[in-house]
Structure formats: structure tokens, C-alpha cells
Amino acid sequence: MIVNFIKRRCVLDALELSRTIVDALEEKKGEDIILLDLKGLATFTDFFVFCSGTSERMLQALADAAVEVVHQQYQLPARVEGLPQDGWILVDFGDVILHVFSPDRREYYRLEELWVQGKILVHLQ
């Protein structure tokens, strides 16, 4: 009984965390934002958030905004991989992984197609 409560609370927290990230990206004018539910499909995370930015500066600003809001509201650390000039920054929050792409890198890797079995919870264009 208590284990089920803890599991439910963790899922709710991960969903809340992912929505906070989506809100931060939207506020910074991120483009084509998708929140994808991967529960039951991936063992390493529950949610992916995808977002595009139109310049290297914007990619960095989007990633920084997500890291900052998560640190302020949840005191969670983030592991950041990639550089804006590479066109892909990955920010790992544990239960939520953020992918910030340039449009051409996003089209090249097509991660949304790879995880097509996931349920799209949010799609902001």
C-alpha cells in the first residue's frame, strides 16, 4: 500500500517537473515543444521533452532556463551534455530528459520517430 503511494507520488512529481520545464521553454520562446510520456517504454527515464531553438544563443538560453527553474523550484541537479554549436543540448534531470535542438539536428536525429510509441502529452508549436 505505501509502496504504491510512493510510486504514484514519484510519477506525479516527474510529470510536474516536466510541465515546469515545458513552461520555462515556452516562456523563453522555444519552438515545437513536445512532452512525451515514456513510462513503460524506457527504464532510464519517464519523460522526454523536445524543443527547438533558432540560434546557438537561443539553444543555450533554453537549456539554461530549464536548469535554472528546476534548481530554483525543486533543488535538483542537472547533467548537461552537448554544446549549442553542435545543435543539440541534452539536459538530464533523471525522470525527465530535455533535448534542445537546432531545427536541422532535430530533423536529422528524429528522436520523436524513434520513440513513436510514447504518448504525446503536450505539443506546442
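Read-outs throughout are calculated quantities, based only on the coordinates presented, and are distinct from any laboratory measurement. All values reported here derive from a predicted model rather than from experimental measurement. Don't worry about glycine lacking a Cβ; one is built from the backbone with ideal geometry, like all the others, and counts go over all protein chains shown.
Charge dipole of the chain (Cα centre as origin; +1 on each Lys and Arg Cβ, -1 on each Asp and Glu Cβ, all else neutral): 400 debye, rounded to the nearest 20.
Here Gln60 and Glu107 are evaluated by their C-beta separation; at R0 = 22 Å the FRET efficiency comes out at 0.65.
Applying the criteria of a DSSP loop state and at most 14 other Cβ atoms within 10 Å to the trypsin sites (Lys or Arg not before Pro) of region 27-85 yields Lys29, Lys39. Counting neighbouring Cβ atoms within 10 Å and putting the fewest first, the residues Asp64, Asp37, Asp86 line up as Asp86, Asp64, Asp37.
Take the convex hull of the alpha carbons in region 65-125; its mean projected area over all directions comes to 5.0 nm². Seen against the Cα atoms of the chain and their longest principal axis, helix 2-27 is set at about 20 degrees. Taking Rg and Dmax of the Cα atoms in Å straight from the coordinates, which label in [x] 18.9, 52; [y] 14.1, 49; [z] 19.6, 69 is the correct one? Comparing each candidate, only [y] matches the computed number.
Counting only alpha carbon atoms, the long axis of helix 56-74 and the longest principal axis of the chain meet at about 20°.
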